[in-house]
Each structure stands twice: as C-alpha cells, then as structure tokens.
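The values are calculated or read from the model by the stated rules, or taken from the named source; none is laboratory data. Because the structure is a prediction, the values reported are computed rather than measured. Quick reminder, even Gly has a Cβ in these numbers, built from the backbone with ideal geometry, and neighbours come from all protein chains shown. When the accessible area is computed, the model is the full protein with side chains, heavy atoms only, and any ligands, DNA or RNA have been set aside. Shrake-Rupley method; radii C 1.70, N 1.55, O 1.52, S 1.80 Å.
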Amino acid sequence: MQKTIPSPRQPLPPVATEHATDHSSAPAPGHTGATTRNPTRSTAKHAAIQGRGDRRLYALDGLRLLAAIVVAMHHYIGTWRVDQPGNLIWGRPVSDIMPNWFRISAYGWIGVEIFFVISGFVICMSCWGRTPRQFFTSRVIRLYPAYWFAIVFTTAVVVVLPGVWERKQAREILLNFTMLQSGSGVGNVDLVYWTLWSELRFYLLFMAVVVTGLTYRKVVVFCCLWGAAAMIAPAAGFQVLNLIVNPEGAWYFIAGLALYLMHRFGQDLLLWGIVGMAWLMGQLELGHRIDTVEKVSSWRGSVLIFTVFLLFMVAVALGYTDRIRWKWLVTAGALTYPFYLVHYLAGTAVISRLRDTMDPRLVVVSVITGFLVLSWLIHKFVEAPLARMLKRGLDTSFARLRNASSMS
C-alpha cells in the first residue's frame, strides 16, 4: 500500500476532491460521497496523498463480513455458555460435539475488537469534509433502520421459539428502539447490542472534532487526549469519566483513527507510536476480557490474531490492498451490519430446534447461510428504502431549522 510520501510541509493542491466511504459497525457497512474543499493554513501543513481519498477500500468490506461471521461462529459454537453440560442451545458441551470447531471458534469474539478498529478508520474517512449535520444524518440513517427491524424480528423469534431466551418486558423492548437502553439501565433485546453503546459514545466524542473541522493535527490531538483519559479514568475511579471515555473500547477506535491518518497523509513516527500504544493497551484489554467474560481462549492466541489483524490494517492504510476491487465485496460489506444484529438470539434459538435433525456442522453452516440471505433482504427491502426516507425527512428538518434561525 505504500507510495512515495510527500513532505508534511508540502502544500495541498488548490482543490482536492475526496470521496468518503461510509461505515460498515459497526460494528458494522455504506455509501460514498464527495466534497471539494480549499486548503487552509492549518491543513496545508500536512498534505494528503493524491488519490488516497477517492478510492473505495474493498478489502475493508470483505474484512467486516469475515469478522461478523467469526463472531457468529463464536456465539454458536465457541462460547463458555455453549460448552456447559445441559446448555439450552446444544444440550451438551459443544466441545464434545465439534471439538476442532470449538477450539477455533473460541477466538471468534475478537471480531468485535476488529469492528471497533475498522469503525474508527471508516468513521474518520466518511467524516472528512462533512459538516456536523451531515455526520449526524449519516449515522442515523446508517444505524437505525436495520436496528429497528432487528428488534422486531428478534422479539418475534423469541416468542415463536421459546425455551432458550426470555422475552423482555414491553417497556424494555420499546426503550430499545432508542438505542440508548444501556444508558438507562435497561437490558438489550439482543445481547450483541452492547457494542452499539460503545459506538454511540465514540460518535459523541468524535463529533467534537467534526464540529471544528477535521485536520491531521486535530485528529492526532484527539487520539492523544482520548487515550490519556482512557488510562486515567479507571485509576481515578471516576464513574462519569469512565462512562464517557469508554476505556474498554477506546484504544481500538484510536487505532482505527491513526490508521486512517496513515492512509490519507502517509506514515510517520507519531502515527506509528499511536498504533503501537493501541496495540499495547489492546493486548491488556484482550487478557482482561478472557479472564472475566470469555474464559475459553488463551491470551497468546488472542494477541496473535489481533496482531495479524492490525498488520493487515496497516497494509490497507499504506495501499497494499488497493488492487482488491472485487465488486461483490461491496455487497458483502452491506450485509455485515444487519447480519450482526439478527444472528445471535434468533440463530441460537433456531439451532436449539435443529440440533438433532442433521449433522451439527451442517446446522451451523445452514443457519449462517440463512441469516446472510435474510441480511440481504433486510438491506434491500428495509434498510435502503427506510434510510432514504429518513434522509429526506432529516434534510427537510434541518432546512427548516436553518430558515427559522435566519428569520429570527
């Protein structure tokens, strides 16, 4: 991916055209827009590498879907829960049923950390040159349509296929439609929604930079300040600061932001330092998660996988994957977010009914394939049309707001 790097002090060309590719959440998948901006005194200090901003990164689309699938494999056959005697999903320890698949899938939870790093990269890319209004609109139309459908779908499956998961109370289900339930002390309709709370807090923090206009210097300062706060908050025992800075996920997002700066402006020692610090803090967090939540995978294996992933992201940032331009990867990226939202509770409920009807490996492959097809249907018939409607409505609302302000 590496090309000739211009001097950081080389001036920007008179007019730069950039196309931003919207996120895939992450966790998880989006659209491409263009903007033209004139250089300012501050932005001229770091020149963007020509051509870097107007290419879609197909490799990230494929990586997002791969991460979603390994997370699903983990939830179906790699968690501590499914390896317990008499578990409600398989009926017996899955390590007795599929020992090799279990050992591999035990590491699939790292797909969530992969989502966070990619989210930091793509959000920075998609926000460059955008106004706060555009940033807000893009996040709403990207996150909510598929999420609303997932709540309805998952609740319906839990009702139709009882015995594995309990249905939430109606007031809890309704609050889930806001995506703010974690901040209100209400449980998620589907356990995987916890990652959305991390994403939302990242967007809120990053909005402070978007409001002032993104530049190389501002994003670097943001990474350093956020990283410092993420280290200080747990030691200080300040719960409000912990809630805001999200120390459990901060360094993954920070790594993504620094990698995007490498992609846009080229590598330098400062960016390598931020990525290195993110790796060091990330390996510590991986170990903490293994000790407290996962309990089925080793620290060494987890760090190895995370390291290989970060090296691949460096390759993406420096341009070594630019030759990957397979059009089907765009569709793969679009499937990621709806697949992630609907796969867990509904998928495990379906497995509990199919486990004795066919080979267990075939059950897992069939369920994943079925949810990929469902995700395509959600994207085409729910997500895309509802996103267009929301965008028109929000654009109209913001136009009225501007007009009202000018008239007053």
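Residue 323 passes every criterion in (1) open to solvent by 40 Å² or more (accessible area, probe 1.4 Å); (2) part of a helix (DSSP H, G or I); (3) modelled with pLDDT under 95 apart from (2).
Residue-level check: of (1) assigned to a helix (DSSP H, G or I); (2) surrounded by fewer than 19 Cβ atoms within 10 Å (Cβ to Cβ); (3) of a type outside the set (D, E, K, R), residue 358 misses just (1).
Hey, any hits in the range 184-191 for a residue that's buried (at least 18 other Cβ atoms within 10 Å of the Cβ), out of contact with any strand residue (DSSP E or B) (no Cβ under 8 Å at 6 or more places or on another chain) and assigned to a helix (DSSP H, G or I)? Among the residues of the range 184-191, not one is buried (at least 18 other Cβ atoms within 10 Å of the Cβ), out of contact with any strand residue (DSSP E or B) (no Cβ under 8 Å at 6 or more places or on another chain) and assigned to a helix (DSSP H, G or I), which makes the answer no.
Selection over the range 264-286 of residues that are open to solvent by 50 Å² or more (accessible area, probe 1.4 Å) and in contact with a Gly (Cβ under 7 Å, 6 or more places away or on another chain) gives a count of 1.
Every residue, every condition in (1) modelled with pLDDT of 95 or more; (2) within 17 Å of the chain's Cα centre (by Cα), yes or no:
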site	(1), (2)
111	yes, yes
127	no, yes
131	no, no
147	yes, yes
150	yes, yes
156	yes, no
172	yes, no
177	yes, no
194	yes, yes
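Scan the range 248-263 for residues that are buried (at least 21 other Cβ atoms within 10 Å of the Cβ) and either at pLDDT below 95 or among the hydrophobic types (A, V, I, L, M, F, W, C) (or both) and the total you get is 10. For the range 310-323, the count of residues that are within 28 Å of residue 157 (Cβ to Cβ) and more than 19 Å from the chain's Cα centre (by Cα) is zero. Whenever a residue of the range 74-86 is farther than 10 Å from residue 348 by Cβ, its partners that are β-branched (Val, Ile, Thr) and outside any helix (DSSP H, G or I), lying with C-beta atoms within less than 8 angstrom and at least six residues away or across chains, give the pairs 78/296; 80/296; 83/296.
Search the range 136-164 for residues being open to solvent by 50 Å² or more (accessible area, probe 1.4 Å) and in a loop (DSSP other than H, G, I, E, B), and hand back the single one that is farthest from residue 393 (Cα to Cα). Among them, the one singled out is 163.
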